[in-house]
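Remarks on the structure that follows.
The values are calculated or read from the model by the stated rules, or taken from the named source; none is laboratory data. For clarity, every value in this text was computed on a predicted model and none was experimentally measured. FYI the Cβ positions are ideal-geometry reconstructions off the backbone, even for glycines, and counts take in every protein chain you see.
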Amino acid sequence: MNIEHFLNNSVMSWMAFEGKYADIVMSTRIRLARNLTGYRFPLSFSENEALQVDKAVSAVLLDEEAELETTFSYIDIKGLSTLNRQVLVEKHLISPKLANSEINGSVLLSDNEAVSVMINEEDHIRIQCIFPGLQLQEAWRQANNIDDILEKQLPYAFDEQFGYLTSCPTNTGTGLRSSVMMHLPALTMTNQMNRIVSVISRLGLVVRGIYGEGSKALGNIYQVSNQTTLGKSEEDILTDLQSITEQIIEKEREARLALMNTRENALKDRLYRSLGVLTHARLLSTEEAGRCLSDVRLGIDLGLIKNINVSILNECMIFMQPGFLQKYADTSLQPEERDEFRAKMFRERLQVKNNIDDEGEETHDV
Amino acid sequence: MICENCKQRPTKVTVTEIQNGEHVQRHYCEECAKEFHPFHLNFEQDPLSLHQLLSNWFGITENKQQEQKRQPQTVTCSSCEWTFRQFINKGKFGCASCYESFREQLPDVFSKLHNGNVKHVGKIPGAFGQTLHLKKQIESLRTLMRTAIGIENFEEAARLRDEVYALEKQLESGGENHDEH
Ligand SMILES: [Zn+2]
Ligand SMILES: [Zn+2]
């Protein structure tokens, strides 16, 4: 598939509003780190080693289409402009580390963009699968299948005691990082996140959020992932994350219900105002757009806002980032111009959807 | 102070990231802070101050006297030529052989990073699974052989030795002939 397809397309398979608990869990991600024996890690290897690793790994993935059940496209990172690299980062298809890399790195992308295999990032191989909603087992099965196919043809660096040998000691063992991205507006509004974060961190898991001014995470988005990779099997790692995630979902649902019961009018006012901002503003900063997106999303979940599709919001989330905006505008934009363009993009996207609804193509009447 | 991102404009905004309940502050200029994307959490970010945790713990930066007493820091990996000290400073291994070179020191490091765990219990690549199986078979045959010698059943011991020999050959041809001490 042409590289332009991946660069211009803002709709990705994980954005579909599906999978269990899709109202709270936005996406599930599985990553496996692997290295080949006989070549030093990317931090210390030579240009020649980089080339050989790249060739060996990509050859397997490009040859084994039938077994992999998907077709991969090979993208050489060196051949991409800075802006195009940024777009792939914004789509979570490559890491910032690979984007900034000076060495021979590449990425293999599945047609639906659910699977990406990075070559010569921090490790020789990084297998990543992203699924919509909470689907840890499904995402693991796919990553594990790709791993099985690779290990049949490539000599992995593995040790009886330490497991899969990785460049960072925090990945040693299973090399597995599993993670769920959650939208937790009610827990954030009711100031419960700090307590939850501190409890979870004691269980060998990490919660990350990005905080602007004040104590609320931008966009109310949190990522929960496993921290430990040694001494725990893959199954146990996934089971633990699953159970923690379900508990957080339960708490978020309770908090939403409590807000609706006690502050219904204030809540409604806030959510509809945000919808107004997204559909009418002429300048939108990342922070404001993030906050409003969160509100509108909550409005949809609560059944208050009816004629907007969540997958459009997911798409806007990716689209509103600087690299994507500039790609779309087909020119470089100053920060001020980006706010203008971002506002325009929101008006267009949300408007388009409204029209479709008016034509009765998709109705949300209860 | 200058913006951590563009390293050009003066800082105006402090962004606090929370990881594991600990706050990490980052300072950005107005322009860069605006671009801080709420949906773009860095998935591959290392845990908070991994390098600092390791180096403090190994007393590298703080305690110079202790440093001289500890020898592991001068152990060098023959393949990538990193020393143990370099590994601690960077918080990364240079190559897979580092694990072999620093094997004695590693349980302490891993225990710190993985809630006290030092041994892999997860998936095993197929090729290694076979190797492990062969190794275990050889070990048990050797035990039987020693018992046979103990009771002076030398014919049986010789037969067992032949079996061990055959399995060892198989192990070698398997190509995964690693770390047999
Ligand atoms: Zn700046
Ligand atoms: Zn090494």
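The rows are residues; the columns are (1) of a type in the set (Phe, Trp, Tyr); (2) assigned to a helix (DSSP H, G or I).
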| position | (1), (2) |
| --- | --- |
| A:138 | no, yes |
| A:141 | no, yes |
| A:150 | no, yes |
| A:161 | no, no |
| A:168 | no, no |
| A:180 | no, no |
| A:199 | no, yes |
| A:219 | no, yes |
| A:222 | yes, no |
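Could you list all residues from segment B:72-130 that are among the aliphatic types (A, V, I, L, M) and crowded, with 20+ Cβ neighbours inside 10 Å?
B:88, B:96, B:106, B:109, B:113, listed by residue number.
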Members of segment B:135-156 that are within 14 Å of chain A (Cβ to nearest Cβ) and without any contact (Cβ under 8 Å) to a residue 12 or more places away in the chain: B:136, B:139
Verdict on residue A:297 being in contact with a His (Cβ under 9 Å, 6 or more places away or on another chain), closer than 18 Å to residue A:132 by Cα and assigned to a helix (DSSP H, G or I): yes
Filtered residues of segment A:225-268 (kept if among the hydroxyl-bearing types (Ser, Thr, Tyr) and surrounded by 15 or more Cβ atoms within 10 Å (Cβ to Cβ)): A:225, A:228, A:229, A:233, A:245
Pairs with Cβ under 8 Å, 6+ apart, first in segment A:325-351 and outside the structural domain of residue A:11 (by TED's automatic domain parsing) and surrounded by 19 or more Cβ atoms within 10 Å (Cβ to Cβ), second small (Gly, Ala, Ser) and in a loop (DSSP other than H, G, I, E, B): A:339/A:285; A:342/A:285; A:343/A:281; A:346/A:281
For residue A:257: the one exception among (1) in contact with a helix residue (DSSP H, G or I) (Cβ under 9 Å, 6 or more places away or on another chain); (2) in a loop (DSSP other than H, G, I, E, B): (2)
Close pairs from segment A:296-309: first under 22 Å from residue A:255 (Cβ atoms), partner surrounded by fewer than 16 Cβ atoms within 10 Å (Cβ to Cβ), Cβ under 7 Å, at least 6 apart: A:302/A:260; A:303/A:366; A:304/A:268
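Here is a yes/no grid of residues against (1) among the basic types (Lys, Arg); (2) farther than 17 Å from residue A:233 by Cα; (3) more than 9 Å from chain A (Cβ to nearest Cβ); (4) within 16 Å of ligand 1 (Cβ to nearest atom):
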residue	(1), (2), (3), (4)
B:99	no, yes, no, no
B:103	yes, yes, no, no
B:106	no, yes, no, no
B:109	no, yes, no, no
B:113	no, no, no, no
B:120	no, no, no, no
B:124	no, no, no, no
B:133	no, yes, yes, no
Options A:175, A:163; residue that is closer than 30 Å to residue B:84 by Cα, modelled with pLDDT of 95 or more and facing chain B (nearest Cβ under 8 Å): A:163
